Amino acid sequence: MNQHGFILWWDRLVAMTIKELKQLIRDPVLLLIISYFFTVDVYMAGSGINLNLRNASVMVIDHDHSAASRELIYRFRQPYFDFKGEIFDTHTAESLLDQGRILAVLDIPENFQRHLLQGQSVAVQFQVDSANTVLGTLATSYATEITAGFSQDFAAKRLGPDSGQRASLPVIQNRYRVLYNPNQIDGWFMSISELLTVTTMLAMMLPAAAAVREKERGTIEQLAVSPLSSLQILLPKVISMGLVILLGVAVSLFLIIIPVFDLPVKGSLGLFFTVTGLYVFTASGIGLFVATISRSLAQVTMLVILLMMPILLLSGAWTPPEAMPQVMRWAMKISPLYYFNEMSYAILLKGAGVRILWDSLLGLALLGAVFFNFGVWRFRRQFG
Amino acid sequence: MNLTRVWAVTYKEWREILRDRLFFAMAFLLPVGIFMVLGYGISFDVEKIPFAVLDRDRSAMSRDFLHRFMDSRYFDYQGHVTSERELDPLLANSDIRFAIIIPPRFQEQLLAGQATSVQSLIDGVFPYRAEVAKGYVSAIIANFNAQSLVSHLAGTQGKSREQALAQVAPLRLESRYLYNQALRSQWSISSGLMMLVLMVTPPFLTALGVVREKENGSIYNIYASTISRSEFILGKFLPYLLISSLNILILWWVVMNVFGTPFKGHPFFYYAASVIYVICTAGVGLLISLLVRTQVAAVMLTMVVSFVPAMLYSGLLVPIESMAAATQFESHLFPTLYYLRITWGSFLKGLGWEELWFDVVALMLYAVILWIAGYMNFHKRPST
């Protein structure tokens, strides 16, 4: 009996899963959108987005017109800066900055070269449009580096023609190594980040939509009088949507991220998919909970977005966890995406295994168990 | 166009919204909620980078050098290790994002007037953060070097410290941050979020407006009635426009009073431009609602066309200048880019119609095109 009961239970689960998949396939627009997310969207995020400064337009007010000033201007060039020419008064400079036509203005004072040659210290002014903080910070940082380089070369020239002397000066040379992404390819980070976001969104939305649709159309009553338990009604929704999402992640990884962006997968793909599966399960638990407290898809949508924003934000994808205020850092511990994020980058880019990631894995598993059981419990209370 | 009929549809829609209390509450809570979370959560300030140290010299000078990192607010000291092998798991698990290795004979070489080198390892998973961290490290080392050189020159050539300094670093860069003097990303982010939130929430309000009637069949009442296409679309649209226009004011208040961002522009101009923007974004939702057949598809499509451009193509997080050419072109296809210029121009730069007319006209054009597209795609005699 027990074995027979189990087979029956299992058959019903499979039948319901197939029903969910069929229902999904019959909505071609939805399928098209899902595949768009996993391919075009991930591709665009990875290829187009670049958080480095490229070709920032800069103009110069040169009061000196000397060899030294030309030498300095010449250093503001591509790839970081794009020298757009000279302007003659501060008024024009201000209006150009106002309109956002240029990002920065370099102001070189009179007697620039003479003072330098006399061994006096000279200051040049750099006005940056910092309405966009990222651009403002990067532009200033590169400009500082450029002037420091100019300054150093100038000093070296003056300190003596024998450049062998430089090695015998007490200075520290910085030898840095950028790990995991030595060429600093933005595409790696951005495409993975987008993939994780898309996964979160679909994993919360699709099962919730599938559940609330039954309510909206009244078919939930039929299910309630059928011999199915509430777990048998809910689990197929999660399993079918989870399968679709895992398939999407695989497509995205093997057709877009790895071949297009040359991502070297350092860790185990098996572990990555296990983690993804666990995460989809966790996120759909949240989705199911939302489905139980709402009556229509409009409500589901609103609630999912409201819950998704903090989850995305507390994931550490846009702001590193250590830079967050303490309260936010505690809050991050209950955002499942935080663990998923950490583990995905650690597995794919850093080659970390279970030995290193066990604590994040445990955290995600615990959250998953809590969220999913809560969702099922709410549903059972509503239709038990 | 018969205004009585428009009013009838509007009134019916308004009643429907009011009766769904959860939906009605969310229509106002959602924008503010998203706003607060993102406003406090998104920050591009790279600070408190956790780091570890491998000091192979353990001298007074190496300690002095390391203290410059420990005392900096940009770095957060996590401890010493005794071998390079211990650094790998720390970096792989994101316990630290930066490590610095000091070679043996560090002090001895510096005191002998020789050059030495330190090695820094930077976690490059997010290239932007790696870039900024690299900048901080170079700045600290450059500062240390300048001091070391000054005392060296003062000692060996008998010059005053000032003379020596001018000789070592003759050129300084004075940066002036315009519009956002303290380089507070919160100012630009919080005002920029007006763009994001007003892009994301209005379409979700309207997206289900028509498709809901399609899915539960009540659209046939409309098909059978005497109301014209444009009267129906306008009637559906007005209640949501009203909600979103109120939301503009609420968000504006939050930007100024909760985040303390100053408003330097013309209030009437900005409000008018914002309403045009909301017509565009809510119109996007309505257009989707007219195009698709199921509610899930409508919600998903709305996510594609609202979240993605608002996050990635607007210039809020990722500067337009640093995008690839194709992405730059794409970003001009969405209204977000134009409204962000208007918002930053109004809030931070104090600009008005004379400088921003182009962007306002672009938004108006956008609204007109959306309207025509919606009108063309709504038929009272469905083909099926």
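The values are calculated or read from the model by the stated rules, or taken from the named source; none is laboratory data. Just so we're clear, the structure is a prediction, and the values are computed from it rather than from any experiment. Ideal geometry is used to build each Cβ from the backbone, glycine not excepted, and the neighbour counts take in all protein chains shown. These area figures cover heavy atoms from the full protein model, side chains too; ligands, DNA and RNA do not enter into them. Shrake-Rupley method; radii C 1.70, N 1.55, O 1.52, S 1.80 Å.
General observations
- Hits in region A:83-106 (condition: in a strand (DSSP E or B), within 20 Å of B:Glu174 (Cα to Cα) and open to solvent by 40 Å² or more (accessible area, probe 1.4 Å)): A:Phe83, A:Glu86
- Test: residue in region B:285-308 that is within 14 Å of another protein chain (Cβ to nearest Cβ) and under 26 Å from A:Gly136 (Cα atoms): yes
- Subset of region A:307-326 (residues that are open to solvent by 30 Å² or more (accessible area, probe 1.4 Å) and either within 9 Å of another protein chain (Cβ to nearest Cβ) or of a type in the set (Phe, Trp, Tyr) (or both)): A:Pro310, A:Trp318, A:Pro325
- Restricting region A:349-384 to residues that are more than 24 Å from A:Asn181 (Cα to Cα) and open to solvent by less than 20 Å² (accessible area, probe 1.4 Å), the residue that is modelled with the lowest pLDDT is A:Phe379.
- Of all the residues in region A:177-195, those that are in contact with a Leu (Cβ under 7 Å, 6 or more places away or on another chain) and in a helix (DSSP H, G or I) number 3.
- In region B:113-124 there is at least one residue matching the filter, namely being within 36 Å of the chain's Cα centre (by Cα), crowded, with 17+ Cβ neighbours inside 10 Å and in a loop (DSSP other than H, G, I, E, B).
- Evaluated against (1) of a type in the set (A, V, I, L, M, F, W, C); (2) within 9 Å of chain A (Cβ to nearest Cβ); (3) surrounded by 17 or more Cβ atoms within 10 Å (Cβ to Cβ), B:Met195 falls short on exactly one condition, (2).
- Filter pass, A:Ala346 being open to solvent by less than 10 Å² (accessible area, probe 1.4 Å), within 12 Å of chain B (Cβ to nearest Cβ), in a helix (DSSP H, G or I) and within 25 Å of A:Phe189 (Cα to Cα): yes
- If you filter region A:104-137 down to residues that are closer than 27 Å to B:Gly350 by Cα and more than 7 Å from chain B (Cβ to nearest Cβ), you find that the one that is nearest to the chain's Cα centre (by Cα) is A:Ala104.
- So A:Arg329, is it surrounded by fewer than 17 Cβ atoms within 10 Å (Cβ to Cβ), in contact (Cβ under 8 Å) with a residue 40 or more places away in the chain and not aliphatic (A, V, I, L, M): no
- Wholly within region B:242-348, helices (runs of 4 or more DSSP H) carrying at least 1 residues that are open to solvent by 10 Å² or more (accessible area, probe 1.4 Å) and either in contact with a Pro (Cβ under 7 Å, 6 or more places away or on another chain) or more than 16 Å from B:Met195 (Cβ to Cβ) (or both): B:267-291, B:295-308, B:325-331
- Residue in region B:57-69 that is of a type in the set (Ser, Thr, Tyr) and either closer than 20 Å to B:Ala310 by Cα or facing chain A (nearest Cβ under 10 Å) (or both) present: no
- Contacts under 7 angstrom Cβ, first residue in region B:100-122 being of a type in the set (Asp, Glu), partner at pLDDT below 85 and open to solvent by 10 Å² or more (accessible area, probe 1.4 Å), 6 or more apart: none
- Qualifying residue in region B:119-137 (condition: farther than 30 Å from A:Lys350 by Cα, at pLDDT 80 or above and more than 7 Å from chain A (Cβ to nearest Cβ)): no
- Selected residue [out of contact with any Leu (no Cβ under 8 Å at 6 or more places or on another chain), modelled with pLDDT of 80 or more and at the interface with chain A (Cβ under 9 Å from one of its Cβ atoms)] from B:Phe334, B:Phe358, B:Phe347, B:Phe329: B:Phe347
- For region A:140-160, taking the residues that are within 23 Å of B:Tyr136 (Cα to Cα) and free of Cβ contacts under 8 Å to residues at least 12 places away in the same chain, the one that is farthest from the other protein chains (Cβ to nearest Cβ) is identified as A:Asp153.
- Selection status of B:Gly155, surrounded by fewer than 18 Cβ atoms within 10 Å (Cβ to Cβ) and not in a helix (DSSP H, G or I): no
- Positions within region B:354-384 being out of contact with any Gly (no Cβ under 7 Å at 6 or more places or on another chain), within 26 Å of A:Val128 (Cβ to Cβ) and open to solvent by 40 Å² or more (accessible area, probe 1.4 Å), in sequence order: B:Glu354, B:Trp357, B:Phe358
- Flag for A:Phe289 being within 21 Å of the chain's Cα centre (by Cα) and either in a helix (DSSP H, G or I) or within 7 Å of chain B (Cβ to nearest Cβ) (or both): no
- Residue list for region A:270-290, filter: over 10 Å from A:Met204 (Cα atoms), in contact (Cβ under 8 Å) with a residue 40 or more places away in the chain and not aromatic (Phe, Trp, Tyr): A:Leu271, A:Val275, A:Thr276, A:Leu278
- In this entry, B:Ala112 passes the filter for residues that are more than 7 Å from chain A (Cβ to nearest Cβ) and modelled with pLDDT under 85.
- Some residue of region A:10-29 being within 14 Å of another protein chain (Cβ to nearest Cβ) and either among the hydroxyl-bearing types (Ser, Thr, Tyr) or not in a helix (DSSP H, G or I) (or both): yes
- Residue in region A:193-203 that is touching a helix residue (DSSP H, G or I) at 6+ places or on another chain (Cβ under 6 Å), open to solvent by 20 Å² or more (accessible area, probe 1.4 Å), charged (D, E, K, R) and touching a residue at least 60 places away in the same chain (Cβ under 8 Å) present: yes
- Qualifying residue in region A:248-266 (condition: of a type in the set (A, V, I, L, M), open to solvent by 50 Å² or more (accessible area, probe 1.4 Å), within 14 Å of chain B (Cβ to nearest Cβ) and closer than 20 Å to A:Leu235 by Cα): no
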